[in-house]
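S.K.: Shown below is the structure under consideration.
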Amino acid sequence: MTVSMSIGLLVLRVVGGLTIAAHGAQKLFGWFDGPGYIKVRNGYAGQRLNPAWLWAGLVVLGELGGGLSFAFGFLTPLGAAGMVGAMFMAIFKVHWKNGFFNGKRGIEFPLSLLTIATGIGLAGPGAYSLDSLFGINLPMPWLFLALAVVAIIVDLIGLAISRPVETPSPTPEAARVS
């Protein structure tokens, strides 16, 4: 791998990883004007993501844990898959309805982070990573792909269980009876 390629991967990992890790720190600790864990958990309960503690834990794990793993290039397929899972859920649960652009809270920002995570997950962390330093040779890209698929399946389950329950509207006959 060339030096310029390794530097490029390092830049993407550090910027993408620390960006999403900061987002996760907002959710867990309330840092950087974030809501903190209790508000995140309560928000998920309000969105019918139950048990809310599980979904709040998964988003913190994907954003903060995955982001730090990704930024340092340590167990990179796990961190990248965690980021993919967190951003996939964010896109379809929160941002999709707002269109593309971030100015209207659209998918632009989480899609960018999801794309960075996917690219590094497929390409590997590069020479300037803790994986490389410690000689950790995880099967890239297959491990990343397997973990990302699992993360997306978990997200799809969450999206399915949190869908609004449709109640049938009363028929005219039922309205007259009452």
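S.K.: Do the conditions hold for residue 28, that is, is it touching a Phe, Trp or Tyr at 6+ places or on another chain (Cβ under 9 Å), surrounded by 14 or more Cβ atoms within 10 Å (Cβ to Cβ) and part of a loop (DSSP other than H, G, I, E, B)?
M.R.: So residue 28 does not fit the description; no.
S.K.: On to the next question. If you scan the stretch 75-120, which residues turn out to be β-branched (Val, Ile, Thr) and touching a Ser or Thr at 6+ places or on another chain (Cβ under 8 Å)?
M.R.: Residues of the stretch 75-120 that are β-branched (Val, Ile, Thr), as a first pass: 76, 84, 91, 94, 107, 115-116, 118, 120.
Residues satisfying the conditions are 76, 84, 120.
S.K.: Any chance you could count how many residues in the stretch 32-67 are assigned to a loop (DSSP other than H, G, I, E, B) and not aliphatic (A, V, I, L, M)?
M.R.: Of the residues in that region, 9 qualify.
S.K.: Related question: Among what's in the stretch 128-163 and is in a loop (DSSP other than H, G, I, E, B) and small (Gly, Ala, Ser), pick the residue that is farthest from residue 79 (Cα to Cα).
M.R.: Selected residue: 162.
S.K.: Among the residues that make up the stretch 34-51, is at least one of them out of contact with any Leu (no Cβ under 6 Å at 6 or more places or on another chain) and within 23 Å of residue 11 (Cβ to Cβ)?
M.R.: no
S.K.: Go through 64, 9 for me and flag whichever is more than 16 Å from the chain's Cα centre (by Cα), over 29 Å from residue 164 (Cβ atoms), buried (at least 19 other Cβ atoms within 10 Å of the Cβ) and modelled with pLDDT of 95 or more.
M.R.: 9
S.K.: Of all residues in the stretch 100-127, how many are surrounded by fewer than 24 Cβ atoms within 10 Å (Cβ to Cβ), in a loop (DSSP other than H, G, I, E, B) and touching an Asp or Glu at 6+ places or on another chain (Cβ under 9 Å)?
M.R.: Adding up the residues that qualify gives 3.
S.K.: Please identify the pairs in which a residue from the stretch 23-42 that is among the hydroxyl-bearing types (Ser, Thr, Tyr) has its Cβ atom under 6 Å from the Cβ atom of a residue that is modelled with pLDDT under 95 and buried (at least 20 other Cβ atoms within 10 Å of the Cβ), counting only partners at least 6 apart or on another chain.
M.R.: Close Cβ pairs satisfying both conditions: none exist.
S.K.: Could you say which residue among 80, 148 is modelled with pLDDT of 95 or more and closer than 17 Å to residue 11 by Cα?
M.R.: Testing whether each residue is modelled with pLDDT of 95 or more and closer than 17 Å to residue 11 by Cα leaves just 80.
S.K.: Cβ-Cβ distance below 8 Å, separation of 6 or more or different chains: which pairs start in the stretch 88-99 with a residue that is within 13 Å of residue 49 (Cα to Cα) and end on one that is of a type in the set (Ser, Thr, Tyr)?
M.R.: 93/162
The values are calculated or read from the model by the stated rules, or taken from the named source; none is laboratory data. None of these values were measured; they are calculated from a predicted model. Virtual Cβ from ideal backbone geometry, glycine too; neighbours counted across all protein chains shown.
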